[in-house]
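Heads up, the thing below is written out as structure tokens.
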Amino acid sequence: MVKPVGAGMSKGLTVVLALLVLGACWGLTPSLAKLALAGGMRPLGIATVAASIGATILLTVAAAKRDLPRFTMAHWRHYLAGGLIGLTLANLFAFTALQHAPAGLFAVLVPLAAVFSVIFFALAGLDRVTPRRALGTAVGLGGVMLAISPGAVLPDAAMLPWAALMLLTPLCYAAANLLSVKLAVPGSSPLAQAAGTVLGAALSAFVVAALLGHLAWPADSRTALVLLAHGATNALGYLVYFRLLTGAGGVVTSQTSMTITLGGLTYGYLIFNEVPGWLALPAIALIFAGLVLVTSAKVSPKAA
């Protein structure tokens, strides 16, 4: 049976719109965090509030769909490990560096999570590094070196230590990707996994924030609204992401990194008047080229 032409076009348009929505949501994260930091919030205080709001929204949606996460010991191990590394530690590094570095830099570094994931999966024996992926990794890392050079996304060489700290964030994302595969419990739906992981992130962020003295109430209504927007857009991003993952597949969903980068750079310009240098364009092109090379190769059944 031949599919109607309109159906294919409609699905393609839906995928493009989903990618743009994700870029608009998650690309806004560094700018909102930077605004909250300027309002007196501490890095993990922001992460705790945002994750709590996100977990509340996701759990509400999961309850409405009768698809709540399960809470066995194996499930908790999955949720807490992914939440601690993929959100708590990732945000600690990113938000600390955002106090000194441009919001646009975070957006440029996000695609490296896919590149680092290939390396981690190979080291764990879940996948193999092909010449194509090795080339993609080298190209992507070359783009990062160009991005943090003077005349690109980083305006001042004095910010290099903060750029190095922010580079730990995509490393955390990649490690969380690996753990999500190693610790995943069969039978959990994408929505249930998202809700459980963000709940684990909220709990782990609260504990670490309390230990570091990062917990605090917003000092004014403006900062409170920024935190509310942070949590709401993050939750919306998760909902769209997992719907796209199940409907369009991992290769298409991996292109989210590109829309996040474009969104993050746009917000950085509109909110903070961050104007990247002329080297930013070739740096981004190299990172995207590396992303395409590592994600277009065949993935082994274990890594999938």
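The values are calculated or read from the model by the stated rules, or taken from the named source; none is laboratory data. For clarity, every value in this text was computed on a predicted model and none was experimentally measured. In this analysis, Cβ positions are derived from the backbone assuming ideal geometry, glycine residues included, and neighbour counts consider all displayed protein chains.
Data for the structure
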| quantity | calculated |
| --- | --- |
| Close pairs from region 54-76: first in contact (Cβ under 8 Å) with a residue 12 or more places away in the chain and among the hydroxyl-bearing types (S, T, Y), partner assigned to a loop (DSSP other than H, G, I, E, B) and surrounded by fewer than 19 Cβ atoms within 10 Å (Cβ to Cβ), Cβ under 8 Å, at least 6 apart | T72/V185 |
| M1, sole failed condition from (1) touching a Pro at 6+ places or on another chain (Cβ under 9 Å); (2) modelled with pLDDT under 85; (3) in a loop (DSSP other than H, G, I, E, B) | (1) |
| Checklist (1) in a helix (DSSP H, G or I); (2) modelled with pLDDT under 80; (3) not polar (S, T, N, Q) applied to P301, failing item | (1) |
| Selection status of L58, under 18 Å from the mean Cα position of the chain (by Cα), surrounded by 23 or more Cβ atoms within 10 Å (Cβ to Cβ), under 25 Å from T96 (Cβ atoms) and of a type in the set (A, V, I, L, M, F, W, C) | no |
| Residue under evaluation L112, criteria (1) among the hydrophobic types (A, V, I, L, M, F, W, C); (2) modelled with pLDDT under 90; (3) surrounded by fewer than 24 Cβ atoms within 10 Å (Cβ to Cβ); (4) over 17 Å from F242 (Cβ atoms), criterion not met | (3) |
| Selection status of L165, free of Cβ contacts under 8 Å to residues at least 60 places away in the same chain and more than 25 Å from A62 (Cβ to Cβ) | no |
| Given (1) farther than 30 Å from L270 by Cβ; (2) buried (at least 22 other Cβ atoms within 10 Å of the Cβ), index of the condition L105 fails | (1) |
| Only one of T48, T72 that is of a type in the set (S, T, Y) and closer than 19 Å to L28 by Cβ | T48 |
| Residue selected from region 157-187 under the condition surrounded by 19 or more Cβ atoms within 10 Å (Cβ to Cβ) and of a type in the set (S, T, N, Q), by the criterion nearest to F121 (Cα to Cα) | N177 |
| Helices (runs of 4 or more DSSP H) enclosed by region 30-126 - at least 1 residues per element that are of a type in the set (F, W, Y) | 73-83, 90-98, 103-109, 112-123 |
| Subset of region 269-280 that is part of a helix (DSSP H, G or I) and at pLDDT 80 or above - its residue that is surrounded by the fewest Cβ atoms within 10 Å (Cβ to Cβ) | L270 |
| Test result for A209, part of a helix (DSSP H, G or I), of a type in the set (G, A, S) and within 26 Å of V61 (Cα to Cα) | no |
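Quick grid of which residues meet (1) part of a helix (DSSP H, G or I); (2) modelled with pLDDT of 70 or more; (3) among the hydroxyl-bearing types (S, T, Y):
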site	(1), (2), (3)
A235	yes, yes, no
F242	yes, yes, no
T253	yes, no, yes
S257	yes, yes, yes
Y267	yes, yes, yes
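Here's the yes/no breakdown for (1) part of a helix (DSSP H, G or I); (2) touching a His at 6+ places or on another chain (Cβ under 9 Å):
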position	(1), (2)
V181	yes, no
A184	no, yes
L191	yes, no
T197	yes, yes
G200	yes, yes
H230	yes, no
